[in-house]
Amino acid sequence: MSRPAVVKALWGAAVLVLVAGCSSGGTEEQPGAAPPTSASAPASPPASPSGSATAPAGGRVSVAGTLTDGLESPWGLAQLPDGDLLVSSRDERTITRVDGRTGARTVLGEVPGVVPGGEGGLLGLAVRDGWVYAYLTAASDNRIVRMRYGGGAGDALGAPQPVLTGIPKGFVHDGGRIAFGPDGMLYAGTGETGRTGLSQDRSSLGGKILRMTPEGRPAPGNPFPGSVVYSYGHRNVQGIAWDAEGRLWAAEFGQNTWDELNLIEPGRNYGWPEAEGRAGRAGFVDPVAQWPTSEASPSGIAYARGAIWMAGLRGERLWRVPLSGAERSGDPEAFLSGEYGRLRTVVAAGGDRLWLVTSETDTRGTPEPGDDRILRLEVR
């Protein structure tokens with residue numbers, strides 16, 4: 001399948017208009033069904049929301065080059081302090097170190113206990129204080145583990161130690177993104193595994209954004225005492241990022257109508273399965289932006305240059321959502337449409353740079369020579 005090099009910023013104006021909410025049920029992509037949702041989940045509310053810069057309504061993206069290619073089912077990406085990258089393979093269960101300048105790869109090892117299947121496997125990665133954290137699908141559940149890692153190219157991963165267990169698993173909607181927030185706490189986006197009732201059940205870890213200490217305990221200040229649940233009413237959260245003022249954003253798959261980008265506030269209900277996209281109903285938070293599922297099916301998100309950048313799987317494009325504080329400052333714009341196929345993960349690399357991971361070898365794409373790859377992007 002050829003990928004026409006169609007870079008269309010005009011798609012955004014036609015497809016994204018609404019304000020924060022939640023998504024529905026279904027798989028990452030449902031051929032013939034309405035497009036999946038995208039949502040961004042904010043972490044802790046900013047101490048001072050005033051004074052945030054307003055991004056220009058229009059932006060641009062250029063591909064500065066390919067860092068590495070030939071990856072199999074890449075999913076999570078984390079940057080080490082020296083600028084090198086760690087990338088997970090969902091189906092091969094491995095973590096690979098990639099030199100941030102040359103693209104040279106070193107396989108650090110296979111993570112024990114991972115049971116790939118459907119949308120599950122070895123998913124999101126995060127790095128902190130000599131530990132590599134991984135969100136993975138095990139035999140009985142989804143869980144977060146951490147492994148000691150010295151940080152050198154020749155260093156091996158330590159044995160996995162459980163951080164949080166008991167996250168529901170399924171063939172679909174396993175969530176999987178993890179990241180440390182500006183408050184030093186670990187956040188995770190989970191899915192409802194196709195069992196929609198889990199999203200509104202605050203005793204379940206499915207269909208939630210979770211907030212915990214690095215050791216996996218409920219974080220101080222969480223909205224529900226003794227619980228790691230931070231927000232609920234989500235369908236399948238796979239993108240989380242913080243803006244310059246510390247607000248948490250999350251991307252979320254919808255079912256048949258709208259994908260979402262949400263501003264996350266502690267204790268709030270994002271509506272699924274009662275609401276998909278903007279509902280305007282009391283008790284639910286509406287999304288800051290929403291897309292037809294065929295144009296997004298969002299996965300990872302990152303913040304750079306005053307905007308949220310969102311990778312689209314089914315949509316096969318990179319979305320830019322310009323922000324002014326907690327609101328949009330313009331219509332979303334689409335870039336790289338159809339040029340690199342399905343896009344899985346985007347990570348801020350400092351300044352005007354992003355890392356972008358493609359996802360053609362995840363059983364739902366049409367791989368071409370070189371897939372999958374990590375791209376260097378420059379954004380404005």
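The values are calculated or read from the model by the stated rules, or taken from the named source; none is laboratory data. Everything quoted here is computed from the prediction, not taken from an experiment. No Cβ is skipped: glycine too gets one built from the backbone with ideal geometry, and neighbour counts run over all protein chains shown. Surface accessibility is based on the protein's heavy atoms, side chains included, excluding ligands, DNA and RNA. Shrake-Rupley method; radii C 1.70, N 1.55, O 1.52, S 1.80 Å.
Please find, among TYR187, TYR149, the residue that is aromatic (Phe, Trp, Tyr) and in contact (Cβ under 8 Å) with a residue 60 or more places away in the chain. Talk me through it step by step, then tell me what you get.
Values: TYR149 fails: in contact (Cβ under 8 Å) with a residue 60 or more places away in the chain.
It is TYR187.
Mind telling me which of the residues THR361, THR366, THR345 ends up being at pLDDT 95 or above, surrounded by 24 or more Cβ atoms within 10 Å (Cβ to Cβ) and among the β-branched types (Val, Ile, Thr)? Before the answer, list the steps.
Details: THR361 fails: surrounded by 24 or more Cβ atoms within 10 Å (Cβ to Cβ); THR366 fails: surrounded by 24 or more Cβ atoms within 10 Å (Cβ to Cβ).
Result: THR345 is the single residue among THR361, THR366, THR345 that is at pLDDT 95 or above, surrounded by 24 or more Cβ atoms within 10 Å (Cβ to Cβ) and among the β-branched types (Val, Ile, Thr).
I'm trying to understand the selection: among the residues of region 348-358, which are under 13 Å from GLY83 (Cβ atoms), open to solvent by less than 20 Å² (accessible area, probe 1.4 Å) and assigned to a strand (DSSP E or B)? Selection gives TRP355 alone.
Taken over region 207-227, the criterion of being farther than 21 Å from GLU245 by Cβ, open to solvent by 10 Å² or more (accessible area, probe 1.4 Å), in contact (Cβ under 8 Å) with a residue 40 or more places away in the chain and touching a Gly at 6+ places or on another chain (Cβ under 8 Å) is satisfied by PRO214, PHE224. Among the residues here, GLY175 qualifies as modelled with pLDDT of 95 or more, at positive phi and not β-branched (Val, Ile, Thr).
Against the numbered list (1) in contact (Cβ under 8 Å) with a residue 24 or more places away in the chain; (2) over 18 Å from the mean Cα position of the chain (by Cα); (3) open to solvent by 10 Å² or more (accessible area, probe 1.4 Å), ARG247 comes up short only at (2). Taking every residue in region 89-111 that is more than 15 Å from THR68 (Cα to Cα) and open to solvent by 50 Å² or more (accessible area, probe 1.4 Å) and pairing it with any residue that is part of a loop (DSSP other than H, G, I, E, B) and among the basic types (Lys, Arg), at least 6 positions away or on another chain, the pairs with Cβ-Cβ distances below 8 Å are GLU110/ARG93.
Quick check, is GLY117 among the small types (Gly, Ala, Ser) and more than 20 Å from the chain's Cα centre (by Cα)? I'd like the intermediate steps shown before the answer.
Working: among the small types (Gly, Ala, Ser): yes; more than 20 Å from the chain's Cα centre (by Cα): no.
Judged against the criteria, GLY117 is not a match.
Across region 168-206, the number of residues qualifying as open to solvent by less than 20 Å² (accessible area, probe 1.4 Å), assigned to a loop (DSSP other than H, G, I, E, B) and more than 21 Å from GLY254 (Cβ to Cβ) comes to 2.
Quick check on region 143-167: of everything there that is assigned to a strand (DSSP E or B) and of a type in the set (A, V, I, L, M, F, W, C), which residue is farthest from GLY83 (Cα to Cα)?
Result: ILE167.
Within region 62-77, the set of residues being under 17 Å from ALA311 (Cα atoms) and either open to solvent by less than 10 Å² (accessible area, probe 1.4 Å) or not in a strand (DSSP E or B) (or both) comprises SER73, PRO74, TRP75, GLY76.
Scanning region 280-300 for residues that are more than 17 Å from THR257 (Cα to Cα) and open to solvent by less than 10 Å² (accessible area, probe 1.4 Å) yields a total of 1. Of the residues in region 268-287, at least one is closer than 23 Å to ALA57 by Cα and within 17 Å of the chain's Cα centre (by Cα).
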